[in-house]
Each structure stands twice: as structure tokens, then as C-alpha cells.
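The values are calculated or read from the model by the stated rules, or taken from the named source; none is laboratory data. Note that the structure is a prediction, hence the values are computed from the model and not measured. Neighbour counts are summed over all protein chains in view; Cβ atoms, including those assigned to glycine, are modelled from backbone coordinates with ideal geometry.
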Amino acid sequence: MSGAHTLYGSDISLFSGKARAYLRWKGIDFEEVPASMAVYKDIIVPRVGFPVVPIVVTPDDQTLQDTTVIIDHFEQSIGGPSVYPQGPRQKLAALLLEIYGDDWLVIPAMHYRWSYNKDWAIEQFGKNSLPNASRDEQIALGQKLSERFRGFCLPLGITEKSIAAIETSYTELLAELDAHFLMHPFLFGSRPSIGDYGLIGPLYAHLYRDPASRDTMERHGPNVARWVERLHEPSEPLAGEFFDHDVVPETLLPVLRRMMREQLPVLASTVLKLEHWFGENPNADIPRGIGFHEYVIGDMVENRVIMTYSQWLFQRAVDFYASLTGDERGAADELLDDTGGEGIRQIEIRNRVALRDFKLVRETVA
């Protein structure tokens, strides 16, 4: 594949960090263009139909949007060392940790940004959007733009009732990841996986880069901070190997158990709620949210929006598990039993979704 790609993104964008880290490790020839207001108006919205980052424009003028789509495009088009482990245990764990980062860790990421880094974030939004304007103009615009993002906190279930539980869970997660990264450079060995790239989005752009959040990470997970640095700016692209014999190290099991406790019930509920929604809305376009359901962290119970996109990500892990047979299915079952993920075996996704033309649509089965 010849010619440079263009990544339109932002330093403070959660998913731009995920795409950037992957493109660097994969050795993709790319130029990053900051997503200013002019770039949104002249490039991103005309190509995608709505304001979103990151997008990648290929040398042949193809537009890629959504970080999983971006990663899979290059995995399939250029080959080489893959971020997808081949063993059933490692690949299932990696797919689950991708959705854990992409979907669930957005909760602490958004909480810490808008509870502890608001003024800094507002200024950053303004600088990125109007790079040549005065500081006062940048802050004024940043204040306006930030209202949209701060407005996501309540639908995500970030409330006065939930904040203490969110912070406790996050600092415990940092300790669990810290113990793992003390021993290993990445989740499954010396090569980053799709699970690493799921985690890097929230853990880099919000929870490492925002100053107050960086202090929290350095206190509770200094080895996590070093992993962020290794993954975001790889010193050896395309290098490394996954653990032999499909090993999922013991140090990762607490992280997977946390995901199964907190996120798996929400994902299972999302599948059921979306199935019910399909029945009541057979011809409607799929919205990003379809009402609210409960989520639980520790003893805290709060409501959050039912996010339809979450099912698209979750389908990847469920489909992979369903494809396994024989000894490979048995190996995956052992992992699920060890981590409290037995419920995945009972999940049947009858109303599937797909991403087409940058929108979530009903998947048609031939």
C-alpha cells in the first residue's frame, strides 16, 4: 500500500488516541491533521455526514470511521503481525477487553475529565478548534463546545450517587493493571493486542493526558502510565509476540472478573432491550440510545442509557465464542468459568446490527 494516509483527529479525543497508537505500531505511513472547526466543516462532515473524530482518509480517497473499522481495514489489507491473537483464550479475552475499554471505561474517563479537569479541557477544546484565535476566543468557544460533551455524563450514569463507586472501581482497576504491567509489557506478551488498543483510548486521552487524572494514574498505577507511553509511542513497530500456549496470565484475571461483574450484565441487558426495540420499531432507523437500564458497581445502582452501538462491539466477542468447537470451545469455557463470564454462553443475539456508511443498521442475513 503506497502513499500517505491522513488521520483527522485530536489530542484530547479518546478514540483518536486509540487509532494513532495502532497506526504507529502497524507502521502505517500517515499524516495527522488536527480537527479544527474548518476541518470539521470542509472535510469531516462532508465525508461522514456528522462531526466525529477520528477518521482516516486513504491514498485512494476511501474514508474510514470508527476505530475498530480502521484497525480491521489495515489488519486485512496489509497483513503482517496481527493485533489479534489466534488462540481461543487470548483472542476471546482480547475482544472482551476491547469493548471494556471502548465502552465501559468511558465512564471514569468522562467523570475524571469533567469533574477534575474541566477548565483545562475547555481551553484544549478551544485551542484545537480555533488554533489561530486569541486565548479569550478559544476559551469562549471551548466553553460552548464542552457543553455537548459534559452533557454525556448523565446518560452514562455519572451522577452524585455513582461518583464514589466509579472512583473506587477505577482506582482498584489501576492497581490490578499495575500488577500486570509490572510483569508484562502488554496484555498478552510483548506484542500489543486489540485489547490493548481498546484500553488505550480512555486510559491515554483522558486518564493519562488530562493533568489531574494523570496524577491519579501515577499514584495508583505508575506501571499503567508506562504502558500508556509504550503503546502510544511504540519504539519497535511490528515487534513482539503473544504468550505461547494461548496463556492468559493470572495477573489479567482480576481485570476480566471486574469486567464481568460490572459490564457483562449491561451488555446482556442491551441485547435484550434492543431485541424488544426491534419488535416495536420494525422499520425505524436505529438510534444511538433507546432508553435507560440499571447498572451496578459494588453496592451502587444507577441508571444509564442503553447504547445500541455496544451490541455491535459485543457481537464480535459473542460471534467468536460461538465459532469455537471441541478443545478450543473447552479452553474458552475454562476462561469464562475462571472470570465469572459464564453468562456469555447463554447469550443469543437474534437481532444483529452492522455499521454501514458510518451508521448502525440492522444486519440482513443472506
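Does segment 91-106 include one or more residues that are under 30 Å from Met217 (Cα atoms), among the small types (Gly, Ala, Ser), surrounded by fewer than 21 Cβ atoms within 10 Å (Cβ to Cβ) and in the same structural domain as Tyr208 (by TED's automatic domain parsing)? No, because not a single residue in segment 91-106 is under 30 Å from Met217 (Cα atoms), among the small types (Gly, Ala, Ser), surrounded by fewer than 21 Cβ atoms within 10 Å (Cβ to Cβ) and in the same structural domain as Tyr208 (by TED's automatic domain parsing). Just one of Phe292, Phe243, Phe278 is among the aromatic types (Phe, Trp, Tyr), touching a strand residue (DSSP E or B) at 6+ places or on another chain (Cβ under 9 Å) and closer than 25 Å to Phe181 by Cβ; which is it? Of Phe292, Phe243, Phe278, the one residue that is among the aromatic types (Phe, Trp, Tyr), touching a strand residue (DSSP E or B) at 6+ places or on another chain (Cβ under 9 Å) and closer than 25 Å to Phe181 by Cβ is Phe243.
Here Gly126 clears all of (1) under 24 Å from Phe314 (Cα atoms); (2) touching a Leu at 6+ places or on another chain (Cβ under 8 Å); (3) of a type outside the set (Ser, Thr, Tyr); (4) buried (at least 23 other Cβ atoms within 10 Å of the Cβ) except the condition numbered (1).
The set of residues from segment 2-30 being assigned to a helix (DSSP H, G or I) and of a type in the set (A, V, I, L, M) comprises Leu14, Ala19, Ala21, Leu23. Listed by first and then second residue, the pairs with beta-carbon distance under 7 Å, at least 6 apart or on different chains, first residue in segment 184-196 and over 15 Å from Val247 (Cα atoms), second of a type in the set (Ser, Thr, Tyr) and not in a strand (DSSP E or B), are Ile194/Tyr84. Within segment 320-332, if we keep just the residues that are of a type outside the set (Gly, Ala, Ser) and touching a residue at least 60 places away in the same chain (Cβ under 8 Å), the residue that is surrounded by the most Cβ atoms within 10 Å (Cβ to Cβ) turns out to be Tyr321.
Of all the listed residues (Asp72, Asp42), the sole one being more than 23 Å from Gln315 (Cα to Cα), out of contact with any strand residue (DSSP E or B) (no Cβ under 7 Å at 6 or more places or on another chain) and in a helix (DSSP H, G or I) is Asp42.
Just to check your reading of the model, which residue among Ser213, Ser235 is assigned by TED's automatic domain parsing to the domain that holds Ile99, of a type in the set (Ser, Thr, Tyr) and more than 16 Å from Leu199 (Cβ to Cβ)?
Ser235
Based on what the data block shows, is Pro59 more than 30 Å from Asp215 (Cβ to Cβ), at pLDDT 95 or above and outside any helix (DSSP H, G or I)? Spelling it out, Pro59 is indeed more than 30 Å from Asp215 (Cβ to Cβ), at pLDDT 95 or above and outside any helix (DSSP H, G or I).
In segment 342-362, which residues are hydrophobic (A, V, I, L, M, F, W, C), touching a helix residue (DSSP H, G or I) at 6+ places or on another chain (Cβ under 8 Å) and over 19 Å from Pro265 (Cβ atoms)? Talk me through it step by step, then tell me what you get.
Taking segment 342-362 and keeping what is hydrophobic (A, V, I, L, M, F, W, C), we get 344, 347, 349, 353-355, 358, 360-361.
Next, only the ones that are touching a helix residue (DSSP H, G or I) at 6+ places or on another chain (Cβ under 8 Å) stay: 344, 347, 349, 353-355, 358, 360.
Those that are hydrophobic (A, V, I, L, M, F, W, C), touching a helix residue (DSSP H, G or I) at 6+ places or on another chain (Cβ under 8 Å) and over 19 Å from Pro265 (Cβ atoms): Val353, Ala354, Leu355, Phe358, Leu360.
So is Gly79 surrounded by fewer than 20 Cβ atoms within 10 Å (Cβ to Cβ), over 30 Å from Gln138 (Cβ atoms) and touching a Pro at 6+ places or on another chain (Cβ under 9 Å) or not?
So Gly79 fails the test.
Screening Leu177, Leu156 for residues that are in contact with a helix residue (DSSP H, G or I) (Cβ under 6 Å, 6 or more places away or on another chain), at pLDDT 95 or above and either in a helix (DSSP H, G or I) or within 15 Å of Tyr116 (Cα to Cα) (or both) leaves exactly one candidate, Leu177.
Quick grid of which residues meet (1) surrounded by fewer than 16 Cβ atoms within 10 Å (Cβ to Cβ); (2) within 19 Å of the chain's Cα centre (by Cα):
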| residue | (1), (2) |
| --- | --- |
| Thr168 | yes, no |
| Leu173 | no, yes |
| His184 | no, no |
| Gly189 | no, no |
| Asp196 | no, yes |
| Gly201 | no, yes |
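Going through segment 181-237 one residue at a time, which ones are part of a helix (DSSP H, G or I) and among the small types (Gly, Ala, Ser)? Correct list: Gly195, Gly198, Gly201, Ala205, Ala212, Ser213, Ala225.
Yes or no: segment 333-345 includes at least one residue that is within 30 Å of Thr168 (Cβ to Cβ), surrounded by fewer than 14 Cβ atoms within 10 Å (Cβ to Cβ) and free of Cβ contacts under 8 Å to residues at least 12 places away in the same chain.
Step one: of segment 333-345, the residues within 30 Å of Thr168 (Cβ to Cβ) are 334-345.
Subsequent filtering for residues that are surrounded by fewer than 14 Cβ atoms within 10 Å (Cβ to Cβ) retains 334, 337, 342-343.
Next cut, free of Cβ contacts under 8 Å to residues at least 12 places away in the same chain only: 337, 342.
Within segment 333-345, one or more residues are within 30 Å of Thr168 (Cβ to Cβ), surrounded by fewer than 14 Cβ atoms within 10 Å (Cβ to Cβ) and free of Cβ contacts under 8 Å to residues at least 12 places away in the same chain.
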